[in-house]
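To start, the structure under review is shown below, and the notes come after it.
The values are calculated or read from the model by the stated rules, or taken from the named source; none is laboratory data. What you see is a predicted model; the values in this text were computed from it and never measured. Positions of Cβ are backbone-derived with ideal geometry, glycine not excepted, and every protein chain shown enters the neighbour counts. Side chains included, ligands, DNA and RNA excluded: accessible areas come from the protein's heavy atoms. Shrake-Rupley method; radii C 1.70, N 1.55, O 1.52, S 1.80 Å.
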Amino acid sequence: MKSVLMDQQILAGIGNIFSDEILFQARINPAERINNLAPSQLKRLFLEMRAVLKTAIVRGAGSEQLVERMPRGSFLPERKKGGHCPRCRSLLKVFKVGGRTACCCPQCQGC
Ligand SMILES: [Zn+2]
């Protein structure tokens, strides 16, 4: 999933950190294949993508303070080794997918 979100020919501008935020909010495993997603998951993904990008634009995407400005429950401030899930407080997992570093919650996203 992560590679698809970051494919600039499909959708320009979703970088590494935002793809993790979107997949977290949609509760989708970054390593999942897009053809394995149920229609309800795809719908969820689309809605979360729109919501996350809207928030990012309003809060100043690209600015160095963006992470501090993200609303409560955001994934970005915890997106690091040793970070904890903003939803269930599980220890986050960091791994490589499609050559990029992905960060996700094993409990919420089954990664
Ligand atoms: Zn969680």
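Report the residue count in region 67-84 for those that are within 15 Å of the chain's Cα centre (by Cα), part of a helix (DSSP H, G or I) and away from the ligand (no atom under 16 Å from the Cβ). Adding up the residues that qualify gives 1. Total residues in region 20-44 satisfying the condition of being out of contact with any Cys (no Cβ under 7 Å at 6 or more places or on another chain), within 16 Å of VAL97 (Cβ to Cβ) and touching a residue at least 24 places away in the same chain (Cβ under 8 Å): the figure is 7. Determine whether ARG87 is open to solvent by 60 Å² or more (accessible area, probe 1.4 Å), within 16 Å of the ligand (Cβ to nearest atom) and farther than 18 Å from ASN29 by Cα. It is false that ARG87 is open to solvent by 60 Å² or more (accessible area, probe 1.4 Å), within 16 Å of the ligand (Cβ to nearest atom) and farther than 18 Å from ASN29 by Cα. Of the residues making up region 85-111, those that are out of contact with any Pro (no Cβ under 6 Å at 6 or more places or on another chain) and not in a loop (DSSP other than H, G, I, E, B) are LEU91, VAL94, PHE95, LYS96, ARG100, THR101, CYS103, PRO106, GLN107, CYS108, GLN109.
Screening the candidates PHE46, PHE24, PHE18 for the property of being under 20 Å from SER3 (Cα atoms), within 15 Å of the ligand (Cβ to nearest atom) and in a helix (DSSP H, G or I) yields one hit, PHE24.
Of everything in region 90-111 that is more than 8 Å from the ligand (Cβ to nearest atom) and of a type outside the set (A, V, I, L, M, F, W, C), the residue that is surrounded by the most Cβ atoms within 10 Å (Cβ to Cβ) is LYS93.
When LEU76, LEU53 are checked against the criterion of being modelled with pLDDT of 90 or more and either under 23 Å from SER3 (Cβ atoms) or open to solvent by less than 90 Å² (accessible area, probe 1.4 Å) (or both), a single residue qualifies: LEU76.
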